[in-house]
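The values are calculated or read from the model by the stated rules, or taken from the named source; none is laboratory data. In this text the structure is predicted, and so the values were computed from the model without any measurement. All Cβ positions, glycine included, derive from the backbone under ideal geometry; neighbour counts span all protein chains shown. Heavy atoms of the whole protein, side chains included, go into the accessibility calculation; ligands, DNA and RNA do not. Shrake-Rupley method; radii C 1.70, N 1.55, O 1.52, S 1.80 Å.
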Amino acid sequence: INAEYMGKFGSTRNKRKMSSLVLLVNLLGALVYGYNIGFVGVYTVYNNINLECSKYTAQVSCEGAKFANCVWLHSATTQSGVCVYSDYQQVNCSAIGNSSSQCASWDSCSYNYKDSACQHTVGWNAFDTGIFAGSMILGAFVGSFCAGAVLKTLLFRKTFLVLFVMLIVSSALMHVSQGINSFWLLVVSRFLIGIPCGMITVVCPKYVTDASPPEYREQFGIAFQVFLTFGIFLAGLLGLLMEPHDYSVSLRMSLRTQLFIGGSTFLSLLMLPLYWMDEIMNETESAGSAKTTPNKTEAESWQLRAASSPEDAEGLQSFASPLSASSSAPPSPLSWCDLTKPLLTGLFLSMALQLTGINAFMNYAPTITQSIGMAPLLGNCVVMLWNFITTIVAVPASRYFTLRQLFLLGVTGLFIASVLTGIAVFPGVIGSETVKQALAGVGIIVFIAVFEIGVGPPYFVLALSVFPSHFAARGASATLAISFLFNLIINMFFPVAVQALSGGSSGNQDQGMAIVFLIFAAFGGLSLVVLLKTLHPYEDSNKRVAPSNYRALED
């Protein structure tokens, strides 16, 4: 790390002041990314509310549903009426009967097993829902893959400015897409906002890792996940607070949705001050114009600071090892053979993070919680709140367990929770609906808790630690790109897979959901077996450990 920047940490007071500023980077970046993760579930529910004509109980609300194609039919015998879909003369799903096979023969109808009724299809189909949910993740995949190269070229401050501009432009496009009801413009805007979100997951943790004092580095790395989950909860809370309840008045769903998008715009604006943060870069990762080792004058100035101040001497001692390491010969170039194990470890780290299904909960929480008897937006908010609360536990937990231990224990918990949820939800396994919902609820609670305590928070630090120091940013970038690729698969194909494994839109959706959870368990078990062997911090031939500097992983 730059010796000049290190000097600012000389005293305890300065350490606290600078640490607060460093932590701000993780706070703002994680909030933006988290809100946009939580965005999907709420936006999908809002879209369904706006388009579900059968819910409207008055003419003003029925005809005021923008882009919904609802028609108010007056009754010939009473003063009341009913809100129906514009194709009611061609398709009357309720008159088809209570047979799922008969209902499935109509493209515009789907059978609801819980209500035992044939109902008009509402909102996007499974494929469109997957496209919408996956568009941001595809952008994040591109962003995380490019983040290392961008950071090496622009350094931190200019990269923060680029992130700000991209976030504002893409948020503006989301507002426009809602205003003109363009699904494909919405998909494009979500893809574009995913690019800076993907870069955030590399740039912000890297800044914090490089700029924070060693004694705070581990907790600050975990804090990114804490702030991320708070951003997800914030989206769920705002969506719940703006949920309409009186369907006899104009709902103004378009306005509610614009305000919800405005939450992303506001958080994006808060990224601008990061441009004025101190520039700080691990010299071996920089563009190459700066010196790779501190010169004699810098070393002498550090000795003078230590001689004149006990607190500065304490600060010098904290950084003695990194400076000594940097004064040695630069590391020799790595071969692909040297990187095989780190890249393989990164692959299975990402598999444990994503293919065990956490983003199925994050993006489809309203649907999943509705399947166990909760109101969609209330269930979504409860899940996101629990998600945030359990993440906080990871901070004190990191003081008693190594990050490796936390991660492996977490993956074990994910495997058990996924099996429990899959068995509980599968139709016919448990006769009592109450017991089924209770067991599924316990499975979901345990799944989120072990993920946010043991898997999510250590991931970003571990993704840096398994690579050599001079390859850390690029290695973490590649690992996160794999993570986003897996995430994309989950987001795009979760609704499609559930529907297909259920036998179609009129099949029992619980069957498909149960099978998918068992598949998640299989991925968790596979990644656990591999990571037990390979998950260790990188150590090169000179025994220099990678830059995350978290506590020695002793088993």
field: Selection status of residue 180, surrounded by fewer than 24 Cβ atoms within 10 Å (Cβ to Cβ) and out of contact with any Asp or Glu (no Cβ under 8 Å at 6 or more places or on another chain)
entry: yes
Hits in segment 385-406 - residues which are closer than 27 Å to residue 130 by Cβ and open to solvent by 10 Å² or more (accessible area, probe 1.4 Å): 385, 386, 388
task: Within segment 496-518, work out how many residues are in contact with a strand residue (DSSP E or B) (Cβ under 7 Å, 6 or more places away or on another chain) and either surrounded by fewer than 20 Cβ atoms within 10 Å (Cβ to Cβ) or under 20 Å from residue 137 (Cβ atoms) (or both).
output: 1
query: Looking at (1) open to solvent by less than 10 Å² (accessible area, probe 1.4 Å); (2) under 19 Å from residue 142 (Cα atoms); (3) at pLDDT below 80, can you tell me which one residue 474 breaks?
result: (1)
field: Output for segment 115-124, where each listed residue is open to solvent by less than 40 Å² (accessible area, probe 1.4 Å) and of a type in the set (Gly, Ala, Ser)
entry: 117, 123
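Yes or no, residue by residue, for (1) within 16 Å of residue 268 (Cβ to Cβ); (2) open to solvent by 50 Å² or more (accessible area, probe 1.4 Å); (3) touching a residue at least 40 places away in the same chain (Cβ under 8 Å):
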residue: 227; (1), (2), (3): yes, no, yes
residue: 230; (1), (2), (3): no, yes, yes
residue: 239; (1), (2), (3): no, no, yes
residue: 246; (1), (2), (3): no, yes, no
- request: Please work out which one of (1) assigned to a helix (DSSP H, G or I); (2) open to solvent by 60 Å² or more (accessible area, probe 1.4 Å); (3) under 17 Å from residue 460 (Cα atoms); (4) not basic (Lys, Arg) is the condition residue 382 fails and give its number.
  value: (3)
message: Just to be sure before I move on: is residue 136 in a helix (DSSP H, G or I), at negative phi, in contact (Cβ under 8 Å) with a residue 40 or more places away in the chain and in contact with a Cys (Cβ under 8 Å, 6 or more places away or on another chain) in the structure I sent?
response: yes
- request: Taking residue 460 as meeting all but one of (1) open to solvent by 50 Å² or more (accessible area, probe 1.4 Å); (2) within 30 Å of residue 204 (Cβ to Cβ); (3) in contact with a helix residue (DSSP H, G or I) (Cβ under 6 Å, 6 or more places away or on another chain), write down the number of the exception.
  value: (1)
message: Among the residues that make up segment 414-424, is at least one of them open to solvent by 20 Å² or more (accessible area, probe 1.4 Å) and not hydrophobic (A, V, I, L, M, F, W, C)?
response: no
statement: Of (1) surrounded by fewer than 24 Cβ atoms within 10 Å (Cβ to Cβ); (2) under 18 Å from the mean Cα position of the chain (by Cα); (3) closer than 25 Å to residue 149 by Cα, residue 493 fails just (3)
- prompt: Being over 30 Å from residue 503 (Cα atoms) and part of a loop (DSSP other than H, G, I, E, B), is that true of even one residue in segment 79-100?
  reply: yes
Sole residue being within 24 Å of the chain's Cα centre (by Cα), at pLDDT below 85 and open to solvent by 50 Å² or more (accessible area, probe 1.4 Å), chosen from 127, 145: 145
- prompt: Could you list, in sequence order, the residues of segment 171-186 that are without any contact (Cβ under 8 Å) to a residue 40 or more places away in the chain and either closer than 30 Å to residue 211 by Cβ or assigned to a helix (DSSP H, G or I) (or both)?
  reply: 173, 176, 177, 180, 184, 185
- request: Could you look through segment 48-64, keep only residues that are under 10 Å from residue 247 (Cβ atoms) and open to solvent by less than 70 Å² (accessible area, probe 1.4 Å), and pick out the one that is nearest to the chain's Cα centre (by Cα)?
  value: 49
